[in-house]
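What follows draws every value from the coordinates through simple rules; no lab data is involved. Just so it is clear, the model here is predicted, and its values are computed rather than measured. Note that each Cβ is placed from the backbone with ideal geometry, even for glycine, and that neighbours are counted across all protein chains shown.
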Amino acid sequence: MGRFFYSYKMDINSNQIGNYATRFIEVLLDYSPKLISAILILFVGLYAIRLINRIIRKVMIKRNLDPTLTKFLADILLWALRVLLFITFISKLGIETSSFVAILGAMGLAVGLSLQGSLSNFAGGMLIILFKPFKVGDTIEAQGVIATVLEIQIFVTKMLTGNNQTVFVPNGALSNGTIINYSMQGERRADLTFAVSYDSDIKKAKDILLDILNKNPKVLKMPAPEVFVKNLTTSSVEFAVRPWATNANYGAVFSETLENCKTALDEAGIAIQPFTLQK
């Protein structure tokens with residue numbers, strides 16, 4: 001009796017396994033065209049995406065687009081094409097894509113709400129890249145920082161201050177605030193003020209200050225440097241001293257003008273008055 005039951009059980013298991021195997025082969029044969037076509041679409045699509053990405057990069061480089069903008073647009077296109085390829089791949093496998101797209105939309109909305117600040121910086125980065133208020137290598141003043149731009153990233157701008165400190169400024173605040181670009185025009189004017197006593201010879205003092213500017217080879221001849229009476233205070237006559245220099249020589253011209261004018265006025269016996277607060 002036991003042997004008979006065991007033999008009957010083995011026959012049932014063998015029949016079930018045979019049925020399962022047959023059913024599996026039938027499903028595999030029915031499904032294999034979809035699977036093969038989906039795999040072909042995946043590999044061909046990946047190759048096509050890489051090819052399209054390379055072509056787009058070359059076209060943007062030939063059009064002399066900003067390198068940061070070129071990389072950003074190419075990356076956006078790359079991921080957009082990958083998402084479309086993935087949706088095509090799973091739809092070819094017979095998976096319903098409408099619910100999948102709805103899930104992606106809900107996830108995108110949730111991520112967008114939680115990253116509002118980052119999206120603001122992202123939008124600011126796009127505005128900076130597109131309208132170019134400054135570029136890499138420019139010296140700018142923004143958000144209380146004066147520094148040289150090292151890199152314009154999507155969310156932040158990386159800058160280097162004069163004392164070698166690296167500063168990261170969010171692009172959202174940067175694009176919405178005032179930006180002073182000291183490098184855009186190529187030339188820059190130093191605005192200095194010297195105050196002398198009322199007992200001084202004004203014409204002599206003016207000639208001395210102007211002579212100092214004309215003798216400095218780093219001071220540009222055009223636009224011509226200027227020296228004129230700026231103000232008459234209760235204790236002094238104020239001269240505006242305005243030399244022009246290239247951006248590279250601006251710092252040197254500023255400091256040399258201060259030093260040379262002070263030395264020349266002292267040698268001429270013209271007293272420089274200390275600045276006092278006006279009430």
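Brief remarks on what is shown
- Spacing of the two label points (7 Å from each Cα toward its C-beta) at Tyr47 and Lys221, in nm: 6.6 nm
- The slack between Asn247 and Gln153, meaning 0.36 nm per residue of separation minus the straight C-alpha distance, is 31.4 nm.
- Members of Lys135/Lys221; Lys158/Lys221; Lys221/Lys262; Lys158/Lys230; Lys71/Lys221 lying beyond 31 Å, as alpha-carbon distances in this model show: Lys158/Lys221; Lys158/Lys230; Lys71/Lys221
- Spin-label model, Ile39 to Ala271: label points 7 Å out along the Cα-to-beta-carbon direction sit 9.7 nm apart.
- Estimated at 0.36 nm per residue, the fully extended path between Ser255 and Lys204 surpasses their Cα-Cα distance by 16.1 nm.
- The length gained on full extension between Thr178 and Gln143, counted as 0.36 nm times the residue separation minus their Cα-Cα distance, comes to 11.8 nm.
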